[in-house]
């Protein structure tokens, strides 16, 4: 079975950064401030959405996002 690559999508108009780790429907979510984490039926993280996300801030802190991505790959 082929593993799906993680996708990062940014909607500039709504300022939402969506980081999709797995395809499919979520069955549960955790919300903390402007971050929503969606979980699949197996309990694994499916998607992380960052609301009111500034692309300028992302550019300033992208090293932190790379570390977060590596951590998410380990959790899989």
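No value in this document is a laboratory result; all are computed from the given coordinates. Only a predicted model underlies this, so the values are computations on that prediction, with no experimental measurement involved. In this analysis, Cβ positions are derived from the backbone assuming ideal geometry, glycine residues included, and neighbour counts consider all displayed protein chains.
When each of the peptides 26-35, 13-22, 44-53 is scored by how many other beta carbons lie within 10 Å of its residues on average, the order from highest to lowest is 44-53, 13-22, 26-35. Between residue 32 and residue 12, full extension at 0.36 nm per residue minus the direct alpha carbon distance yields a gain of 5.1 nm.
Label reach from residue 57 (point 7 Å along Cα→C-beta): in region 24-48, amide nitrogens under 17 Å belong to 31-37, 48.
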